[in-house]
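Note sheet for the following structure.
What follows draws every value from the coordinates through simple rules; no lab data is involved. Quick caveat: nothing in here was measured; it's all calculated off a predicted structure. Glycine also receives a Cβ, built like all others from the backbone with ideal geometry; neighbour counts cover every protein chain displayed.
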Amino acid sequence: MAEDQGNHRYDLIVIGAGGAGSTVAGEANNRGARVALIERWKVGGTCLNVGCDPTKTLVRSAQILHQSRHAARFGITVPDATPDWPAVIARVERVIDTIRGGDGDRNIRESGVSLYKGTGRFVSPHEVDVNGETLWGEKIVIATGAAEVIPPIEGLREAGFITNVEAIALPELPRSMTIIGGGVIGCEFAQIFARFGVDVTILGSADRLLPREDEAVVLPLQDVLRREGVSIQTGYRVDKVVRRDGLLCLSGPSDGERVEHCATETILVAAGRKPTLDSLNLEAAGVVSNERGIVVDDQMLTNVPHIAAVGDATGLFPFTHVADYQARIAEANLMGSGPTQRADYHAVPWTIFTDPELARVGLTEAQARDEGYDVKCATVRVRDLARAITAGETDGVVKLVSDRSTGKLLGGHILSANAGEMLPEIVLAMRAGLPVSAIADAIHSYPTLSEGVFWAAFELAKPEMAAIQAARGHQAAYSEVPDDL
Ligand SMILES: Cc1cc2nc3c(=O)[nH]c(=O)nc-3n(C[C@H](O)[C@H](O)[C@H](O)COP(=O)(O)OP(=O)(O)OC[C@H]3O[C@@H](n4cnc5c(N)ncnc54)[C@H](O)[C@@H]3O)c2cc1C
């Protein structure tokens, strides 16, 4: 199990080998440090094994099935577009293997990092126990990630439920599924399973899906999901589940009344995630945590200066790209000799992989107003972009939120095919502190979806852009675009 020939002293111990922990361990190992990495489950953690990668693989299969069924409008005959679910799941496994690059444990060991398979538990500020062995670390990084929250619903455990962990590897498709939770994970799975022919209902407690996202992009996404057969019930707090005639009945208050939602075969719980701190015995190290996660400063250091925490364990931004960003900062600060590095969360992007995708950076319009900005917004309909019309993917909207007084962007919100690929120029403009006119002044290829970002920026920067506006012409407004184009 241990690869350290009995010497348990390390320059760095990393607890958790998900994206964050693996990055820290790899970077420190590249520097020549003696590194121990502790993992109690699978190397690669959530994102690789049960999160980002398998779900995006399922999104793709579901999209191909959907497009095949609607191929006739593109002049293509696809006679029998039926899903082969076991083959879909087999591809998920192949994709995970490919991204992992073979045997993850062996790769880590061959890189020179000592991998310990077991649960890491602090016994003192410099010591971590794993399977009865005590490792000593000059520096320690906590990268234990997060796990799904299972709400205290009467009867839920007895009735049985699945989470994302089982959903990506179901042996067969259920006929019906009720998803508790209208957040990112709930929305992605709802569309995946609906496209595979499952009768899907989302029960969300907020007054709309994705309550943290800008309404301008969420409402059309709800329309898309409904159009594809997903039943959406919002403002619904499930508090009881019973099994009746072989099916599950969920009930709870909604709009002041008790509402029952019956006849579902499977319940998928997607009610949020919380940091995994349970078995760490943080008290022995004196590391402070709160209800959100491990408390860190902008150097990713905890209150104990030789211990850092990164990724979902901090409860900050629960995304792989943020975990990776934090991991590099923590590693450099703990193990490097260069200048102090500080995390800067200005303009953190993320993408929700529904189809169309919902991509976002910065403040929503409502948040910007709450924060007292003199807000100026511009919105472009995706159906007014020639590329969207050619692709027959006209659902969506591009919305930019700016500060009228500085001309700078405060946020960007895109619902579109490939929205995640359209976002980076907004992220770049925001990180670099560029005025919105910088985007409006950049020439964008025709016909591309990124013209949506251009036209929204152009609208915001109109006063500055007046001189060249005449030369460029005006954005088209294709009002008569049929839905089945
Ligand atoms: C369904 C789903 C879809 C997602 N899709 C996306 C997406 O598309 N894009 C995106 O950016 N993010 C996505 N995420 C979020 C992303 O997976 C996480 O933000 C990311 O995995 C965090 O990385 P991490 O290293 O902090 O934690 P994790 O990947 O969770 O790794 C933590 C590791 O620590 C181990 N561990 C925990 N406690 C101990 C202990 N005491 N001892 C030893 N080992 C321990 C765990 O077993 C785990 O392997 C998704 C998440 C889910 C659930």
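Brief remarks follow.
- Over 18 Å (Cα to Cα) - which of LYS56/LYS274; LYS399/LYS462; LYS139/LYS274; LYS376/LYS462; LYS376/LYS399; LYS376/LYS408 fall in this group: LYS56/LYS274; LYS139/LYS274
- For a label point 7 Å along the Cα-to-beta-carbon line of ALA366, residues of the range 202-231 with backbone N under 12 Å: 206-219
- The range 137-256 - Kirkwood radius from inverse mean 1/r over Cα pairs (Å): 15.8 Å
- Compared with the alpha-carbon gap, the fully stretched path from ASN303 to ASP441 is longer by 45.1 nm at 0.36 nm per residue.
- For the chain: rounded, prolate or oblate by the Cα gyration tensor [a/c cutoff 1.5]: oblate
- Rounded to the nearest 500, the 222 nm mean residue ellipticity of the chain from helices alone is -9500 deg cm²/dmol, with -39,500 (n - 2.57) taken per DSSP H run of at least 4 residues.
- Computed about its Cα centre, the charge dipole of the chain is approximately 300 debye, with only Lys, Arg, Asp and Glu carrying charge at their Cβ.
- Each DSSP beta bridge with both residues in the chain is either parallel or antiparallel, and the antiparallel ones are about 60%.
- Once the chain from LYS274 to LYS240 is taken as fully extended at 0.36 nm per residue, the excess over their C-alpha distance is 10.0 nm.
- Qualifying GluC sites (Glu not before Pro) for the range 130-209 [loop in DSSP, other Cβ within 10 Å: at most 13]: GLU172
- Cut-off 20 Å, label 7 Å out along Cα→Cβ of ASP374, residues of the range 385-427 by amide N: 400-411
- Enclosed volume per residue, in Å³, of the convex hull spanned by Cα atoms of the range 218-324: 188 Å³
- Mean separation of Cα contacts under 8 Å (6+ apart) over length of the chain, as relative contact order %: 13 percent
- Residue-wise HN-Hα coupling along the range 379-388, computed from phi with Karplus coefficients 6.51, -1.76, 1.60 (Hz; x: Gly, Pro): 10, 10, 7, 4, 5, 9, 9, 4, 4, 5
- DSSP-assigned coil residues among trypsin sites (Lys or Arg not before Pro) in the range 97-205, each with at most 15 further Cβ atoms within 10 Å: ARG175
- Segments 327-334, 232-239, 313-320 sorted - mean Cβ within 10 Å per residue, highest first: 327-334, 313-320, 232-239
- Once backbone amide H atoms are built at 1.01 Å from N, GLY411 has LEU363, VAL401 as its partners under 5 Å, excluding neighbours fewer than 5 places away on the same chain.
- The range 72-173: C-alpha gyration tensor shape, a/c 1.5 cut-off, then a/b vs b/c: oblate
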